Amino acid sequence: MEPVKAPLDLSVSLGPLALANPVLTASGTFGYAAEFASLVALDRLGGVVVKGISLAPRPGNPPPRVVETPCGMLNAIGLENVGVKRFISDKMPFLRTCGCRVIVNILGDSIDEYGMLARELSGVPGIDGLEVNISCPNVKKGGVAFGTVPEMAAAVTRTVKQATGLPVIVKLSPNVSDIVAMARAVAEAGADAISLINTLIGMAIDARTRRPKLANVIGGLSGPAIKPVALRMVWQVASAVPIPVIGIGGIGTAEDAIEFLLAGATAIEVGTANFYNPAATCQIIAGIENYLRQQGETSVRAIVGSLRLGTSL
Ligand SMILES: Cc1cc2nc3c(=O)[nH]c(=O)nc-3n(C[C@H](O)[C@H](O)[C@H](O)COP(=O)(O)O)c2cc1C
């Protein structure tokens with residue numbers, strides 16, 4: 001006879017936002033979810049984080065916009081998106097039927113734009129939270145990224161929090177010298193949760209033609225190559241702030257996801273892996289369940305931040 005399996009509790013909370021399980025999709029790698037509906041049981045996911053939305057539609061950068069690198073990829077999509085109006089009219093009707101949490105990633109050129117986006121999305125049925133992408137240049141302040149100056153990141157966070165009652169997740173850029181200072185600034189400014197990391201800035205050159213491989217010359221590096229950097233930053237941030245942390249960066253298997261949970265992440269997002277294995281998210285959920293059973297745990301929350309210091313050698 002099969003042994004009776006103890007019921008497992010995979011639920012987690014990102015401040016006011018409760019998730020059925022800790023597995024989310026990463027912005028820009030899962031479209032507006034409809035693109036993956038025939039490949040992934042969306043109602044099994046903790047939630048989807050949709051492609052970054054700006055006030056006006058953006059065409060993005062000219063091609064080539066994506067290039068494969070050892071253990072990863074570089075992209076310079078340029079935050080192409082349909083704009084907030086068309087997102088609400090054309091994309092939200094499907095997203096409301098997903099059966100999982102819907103988190104909208106937002107981006108702006110100015111602090112005001114972040115505030116306007118948050119206000120516009122607030123009253124829309126079916127949106128469960130906002131993820132604020134601060135890895136964007138502040139056009140009014142000479143192009144310095146919001147995500148690299150703690151005071152600017154705090155100002156964006158405060159503005160978005162004032163503009164909405166939705167849970168606010170602030171997504172950090174890894175392209176800084178002190179990630180903990182950034183995390184503390186947004187936590188003190190009222191963020192409900194922090195997600196990290198966005199892509200690392202990189203470059204690829206074709207030696208034969210002596211040209212850059214991306215039309216934009218530089219782009220964002222993602223995939224397994226960035227996992228150790230992401231894991232280190234998640235551990236540092238989770239140890240330093242009192243709010244929940246979402247781990248992102250090179251997660252493609254349950255083991256990857258579990259490493260982030262052990263480092264202190266309450267939830268994780270799967271990005272580049274969706275491109276080479278669309279089943280990754282559901283496989284990760286099943287793999288976390290197996291791990292909990294093997295470890296004799298009944299709740300995923302029991303392993304969050306349970307890293308044992310000292311090596312296993
Ligand atoms: C093609 C592509 C598009 C992306 N677009 C966005 C975006 O619109 N907003 C955002 O915050 N992050 C965006 N990202 C970053 C991912 O959400 C994620 O933070 C990053 O890729 C690291 O995770 P990964 O290694 O699992 O892909 C994008 C990444 C890729 C590869």
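Counting other beta carbons within 10 Å of each Cβ, put 196, 17 in order, fewest first.
Details: 196 26, 17 21.
Placing the least packed residue first, the sequence is 17, 196.
Multiply the residue gap between residue 298 and residue 43 by 0.36 nm, knock off their C-alpha separation, and tell me the result in nm, one decimal place.
Computed gain between residue 298 and residue 43 is 89.6 nm.
Over the chain, Cα pairs under 8 Å with separation of 6+ residues give a relative contact order of 20 percent.
Rounded to the nearest whole Å³, what is the per residue volume of the convex hull around the Cα atoms of segment 181-242?
Values: hull volume 6.6 nm³, N = 62.
Taking only Cα atoms, segment 181-242 has a hull volume of 107 Å³ per residue.
A crude spin-label estimate for the pair residue 85 and residue 286, with each label 7 Å from Cα along the Cβ direction, gives 4.5 nm.
Based on other C-beta atoms within 10 Å, arrange 261, 200, 39 from fewest to most. It would help to have the intermediate numbers written out before the result.
Values: 261 26, 200 19, 39 13.
The order, fewest Cβ neighbours first, is 39, 200, 261.
Of the residues 243, 106, the one with the fewest other Cβ atoms within 10 Å heads the list, and the complete ranking is 243, 106. If you take the square roots of the eigenvalues of the alpha-carbon gyration tensor of segment 22-164 and sort them as a ≥ b ≥ c, do you get rounded (a/c under 1.5), prolate (a/b over b/c) or oblate? Verdict is oblate for segment 22-164. Here the average projected area of the convex hull drawn through the C-alpha atoms of segment 1-90 stands at 10.2 nm².
Suppose we keep just the DSSP beta bridges with both residues in the chain; what percent of those would be antiparallel, to 5?
Working: 19 of 46 bridges.
Given both bridge residues lie in the chain, the antiparallel proportion sits at roughly 40 percent.
Check cross-link reach from residue 171 to the lysines: straight Cα distance under 27 Å, and skip same-chain residues fewer than eight apart. Cross-link targets: 51, 85, 91, 140, 141, 161, 227. Quick check: from the Cα gyration tensor, does the chain come out rounded (a/c under 1.5), prolate or oblate? Verdict is rounded for the chain.
Between residue 96 and residue 122, what FRET efficiency follows from the Cβ-Cβ distance if R0 is 22 Å, with the result rounded to 0.05? Could the numbers behind the result be given before it?
Working: r = 16 Å, r/R0 = 0.71.
After rounding, the FRET efficiency stands at 0.90.
Between residue 229 and residue 206, the contour length at 0.36 nm per residue exceeds the Cα-Cα span by 5.7 nm.
When the dipole is taken about the Cα centre of segment 1-67, and only Lys, Arg (+1) and Asp, Glu (-1) are charged at their Cβ, what size is it in debye, to the nearest 20?
Numbers: 5 positive and 4 negative charges, 68 e Å.
Charge dipole, segment 1-67, about its Cα centre: 320 debye, nearest 20.
A straight line joining the Cα centroids of segment 55-124 and segment 234-296 runs 23 Å. Placing unit charges on the Cβ atoms of the charged side chains and taking the dipole of segment 1-107 about its Cα centre, the candidate lying farthest along the positive direction among 45, 57, 106 is 57.
With the cut-off at 1.5 for a/c, could you classify segment 178-313 from its C-alpha gyration tensor as rounded, prolate or oblate?
Numbers: a/c = 2.20, a/b = 1.42, b/c = 1.55.
Since a/c reaches 1.5 but b/c is at least a/b, the shape of segment 178-313 is classed as oblate.
Run lengths n ≥ 4 of DSSP H only: what is the helix-derived mean residue ellipticity at 222 nm for the chain, with -39500 (n - 2.57) per run over all residues, to the nearest 500? Here the helix-only value at 222 nm equals -8000 deg cm²/dmol.
Read-outs: derived from the displayed coordinates by stated rules, not from any lab. Only a predicted model underlies this, so the values are computations on that prediction, with no experimental measurement involved. No Cβ is skipped: glycine too gets one built from the backbone with ideal geometry, and neighbour counts run over all protein chains shown.
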